[in-house]
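Trainee: What follows is a structure written as structure tokens; I'll ask about it next.
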Amino acid sequence: MKCLTTRFAPSPTGFLHLGHGYAALFAEQAARSQGGKFLLRIEDIDHTRCRPLFTEAILRDLDWLGLKWEGPVRCQSQHMGAYQKALDCLDEAGLLYPCFCSRADIRREIEASGAAPHGPDGPLYPGLCRRLSQDERAQKRAEGVGFALRLDMQKAVAMAGPIGWHDLGQGWQTARPDLFGDVVLARKEIAASYHLAVTVDDALQEISLITRGEDLFAATHIHRLLQALLHLPVPNWHHHALLADSAGRRLAKRDQAPSLASLREGGADPVALRTRLLSMKGL
Ligand code: GLU
């Protein structure tokens, strides 16, 4: 039997805060408690938001907090070929289409239709470009109009059949990717979406238990579908509660939650902090 493998997969779009420290320790503990492996992955595909400075800080902060990961750190920006291969595979199965819409086009179409269905991530894409003919697509491409690649959700769900996953925290879940509509899997300026890259990498790194905050619970419906379409192995998940501040608000980079870097630079004791985080619920 393969050994249990977990990972922590931060995006270097800011400094890590206590909530990230908790998530990293959660993943490490889950592996260690079963004699398994803990890996680190840097999810740095979004070059418009990720910065090397934050990657460096992540590595320093996790090391400071006493985390020990195995093997080399996988940086997604160095593996774009793997995501392209997955896109090609979905394209060959007839599951992708180019979407030339701008955000404004989509907004206008939704406003005009009056009653746009909503999914967990907001209003669903109204399908404008799904209905384009091959000639119309070819013409737009020839004109040099930039495009994203969307998954034809109806076809994808029909191809995958019924799917679900086992969540160690919440039990068996029926996957409902259809609720998200035609999700974007590659953008004009970013060649692979988070959903695609995370799914491919979790398989390539043989992650058998995906631990992450419950803010990403909904994304698992899409990841489970992509696994089915790409014939990838199915791990278990454990979506854990998020750390909150004293007012009960979840910690977030954008709200200036105290960063691990500022605690480190301010002389905090990492052993005490690790012990405090480890004593929190769920660990
Ligand atoms: N990179 C994602 C983030 O920082 C997390 C990915 C995951 O755990 O699936 O929010």
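Laboratory data are not the source of any read-out in this text; all were calculated from the coordinates shown. Treat the numbers as computed from the prediction; the structure is a model and nothing was measured. Cβ placement follows ideal geometry from the backbone for every residue including glycine, while neighbour counts extend to all protein chains displayed.
Trainee: Give me the one-decimal nm value for the distance between modelled label points at ALA142 and TRP172, 7 Å along each residue's Cα-to-Cβ direction.
Mentor: Simple spin-label model gives 5.4 nm for this pair.
Trainee: Continuing with the same structure: Can you give me the angle between helix 18-32 and the longest principal axis of the chain, using Cα atoms only, in degrees from 0 to 90, rounded to the nearest 10?
Mentor: Roughly 80 degrees between the two axes.
Trainee: Please build a GNM for the chain, connecting alpha carbons under 10 Å apart, and tell me which residue among HIS240, HIS20, HIS231 fluctuates the most.
Mentor: Largest GNM mean-square fluctuation: HIS231.
Trainee: Still on this model: Give the relative contact order (percent, whole number) for region 24-170; include only Cα pairs under 8 Å separated by 6+ residues.
Mentor: This gives 22 percent for region 24-170.
Trainee: Among PRO123, LEU90, GLN29, pick out the residue whose Cα is farthest towards the positive end of the charge dipole of the chain, where Lys and Arg carry +1 and Asp and Glu carry -1 on C-beta, about the Cα centre.
Mentor: The Cα lying farthest towards the positive end belongs to GLN29.
Trainee: Percent antiparallel among DSSP beta bridges with both residues in the chain, to the nearest 5?
Mentor: Values: 14 of 26 bridges.
Antiparallel bridges make up about 55 percent of those DSSP assigns within the chain.
Trainee: About the Cα centre of the chain, what is the dipole size in debye to 20, counting +1 per Lys and Arg Cβ and -1 per Asp and Glu Cβ, all else neutral? Please list the in-between numbers first.
Mentor: Working: 34 positive and 32 negative charges, 64 e Å.
Once rounded to the nearest 20, the dipole reads 300 debye.
Trainee: Against the longest principal axis of the chain, how steep is helix 80-92, in degrees 0 to 90 to the nearest 10, with axes from Cα atoms?
Mentor: So the helix axis and the longest Cα principal axis differ by about 40 degrees.
Trainee: Something else about it: Most mobile of ALA192, ALA30, ALA257 per a Gaussian network model of the chain (Cα springs, under 10 Å)?
Mentor: ALA257
Trainee: So for region 170-283, averaging the separation of alpha carbon pairs under 8 Å that are six or more residues apart and normalising by length, what relative contact order in percent results?
Mentor: 22 percent
Trainee: Of the listed pairs LYS37/LYS155; LYS85/LYS140; LYS68/LYS188, which have alpha-carbon separations greater than 32 Å here?
Mentor: On the way: LYS37/LYS155 37 Å; LYS85/LYS140 24 Å; LYS68/LYS188 37 Å.
Pairs exceeding the cut-off: LYS37/LYS155; LYS68/LYS188.
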